[in-house]
Amino acid sequence: MPLTKSKYDWLFKYKLYHLPFWFAYHYLWWTLAIGSVWEVAHSIFFSLSAIKFAFYVVFQALGVYFNLYFLIPRFLEKGRYIPYVSLLIFTIAGTATCIVTGYYTSAWLSEQTFQELWGIAPENYFHFFKANALPSTVASTTLAMSIKLTKNWIHAKRREKLLEKEKLETELKFLKSQFNPHFLFNTINSIFVLIHKNPTLASEALAKFSDLLRYQLYECNEHEISLRQELLYLENFIELEKLRQDTDTLTITVEIEQPNHADLTIAPFVLIPFIENAFKHVSKRKDHPNQISIELQCNHHQLCFSVANSISRQEETSQDIFPAQGIGLKNVQRRLDLIYPGEHELSIQQNDEQFRVALQLDLHISHVSQPMALPVA
């Protein structure tokens, strides 16, 4: 639907809405100088002082706008300070000079002499220049510059925040995209292995993979999602990983406590890299127990999450990869720093027998109820 032009567009295009400001500014200035609101009103509306008042309003507005829209962009913002100061002084002096002519114009249009109208000889030009026109012009120029520079500073800060937000969102999307292909490759590879070992389990794995893929593509595109949705995703992922593990040599312990509050939210895919890392780097020794332990608890609005897996120093050395140096864990640490600054504590510990990750996370609250789309695996 095309935008229709308002009949008042010209008022904003030519900045005529500034006129009430200038009128009020000079009215206040004269009130402070004379000390009477009514006397100023009488002078403006019922005497030839209105001409002098008009000279103040018009010429100071011209001088101020010349400074704001020509001198500042052309000289001050480009670092040409000496030409700017010189031209600004010249502009202020010229504006004050033009304003003083308003006193003479008022006397010329009146039936009184200059001495009778203003109580001073017309030769004392610099009296009006120094006592009235110049201080008023300096004050109006300073006020306008303060407003303009403050406005520019606010706009710059807003722009800086928008750029930072856009940069943050771009970086988060990049980190998330780095994780997704890795997860998809591992899942498809697991199903491929199960097809040859057990077609029934492969069919079950394919159904779970379909649920996970739907969740990943359609249900987790927000910055934060329901914590319960994410936990269901974790449970399905763990069940899918169990299908391809040798349960005779690997013991998997899972204790996931469901949150009491349905409105708790969490950033998607924050927890899964830790679990994936445990399954990827768990020890595969034949003569020693291999273990993965996953615990998750919610204490009010704080999530306590830990994942531990047994490791073999010899195996890790042969692979020349340490779990703590994996791309997935680096990404999730970076995401936590970006999304939850000052709201999380991440501890990664490793010794000769075990690799353990502990995360404490302050969860956020959503006031919009979210549907639970994933079935329990």
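Read-outs: derived from the displayed coordinates by stated rules, not from any lab. Remember, predicted model here, so these are calculated numbers, not experimental data. Counting neighbours? That spans all protein chains shown, and the Cβs are built from the backbone with ideal geometry, glycine included.
In sequence order, what are the phi-derived ³J(HN,Hα) couplings for the range 343-355 according to the Karplus relation 6.51 cos²θ - 1.76 cosθ + 1.60 with θ = phi - 60°, rounded to whole Hz, with x for glycine and proline?
Karplus-based 3J(HN,Hα) across the range 343-355 equals 10, 8, 10, 10, 10, 10, 10, 8, 10, 5, 10, 8, 10 Hz.
Using all alpha carbons of the range 47-144, what is the percent of pairwise distances in each 10 Å bin, ordered from the shortest bin to the longest?
Cα pair-distance distribution for the range 47-144, in percent: 16, 43, 25, 12, 4, 0.
What does the extension gain come out to for HIS223 and LYS78, with contour length at 0.36 nm per residue minus their alpha carbon separation? Please report the intermediate quantities before stating the final value.
Details: separation 145, 0.36 × 145 = 52.20 nm, distance 4.00 nm.
Once the chain is fully extended between HIS223 and LYS78, it gains 48.2 nm.
Can you compute the modelled spin-label distance between LYS280 and LYS151, with each label point 7 Å from Cα toward Cβ, in nm?
Spacing of the two 7 Å Cα→Cβ label points: 5.3 nm.
Apply the Karplus parameterisation 6.51 cos²θ - 1.76 cosθ + 1.60, with θ equal to phi minus 60°, to every residue of the range 49-54 and state each ³J(HN,Hα) to the nearest whole Hz, in sequence, with x for glycine and proline.
5, 4, 5, 4, 4, 5
Grab the other residues whose beta carbon is less than 10 angstrom from that of HIS364, score K and R as +1, D and E as -1, and report the net.
Details: positive: none; negative: GLU224, ASP263, GLU343, ASP362.
Summing Lys and Arg as +1 and Asp and Glu as -1 gives -4.
Say the cut-off is 28 Å between C-alpha atoms; which of LYS78/LYS148; LYS165/LYS330; LYS78/LYS157; LYS161/LYS330; LYS130/LYS151; LYS165/LYS208 go over it?
On the way: LYS78/LYS148 16 Å; LYS165/LYS330 21 Å; LYS78/LYS157 19 Å; LYS161/LYS330 25 Å; LYS130/LYS151 31 Å; LYS165/LYS208 35 Å.
Cα-Cα > 28 Å for LYS130/LYS151; LYS165/LYS208; rest within.
In terms of modelled amide H atoms, which long-range or inter-chain residues lie less than 5 Å from the amide H of LEU363?
Correct list: GLN302, LEU303.
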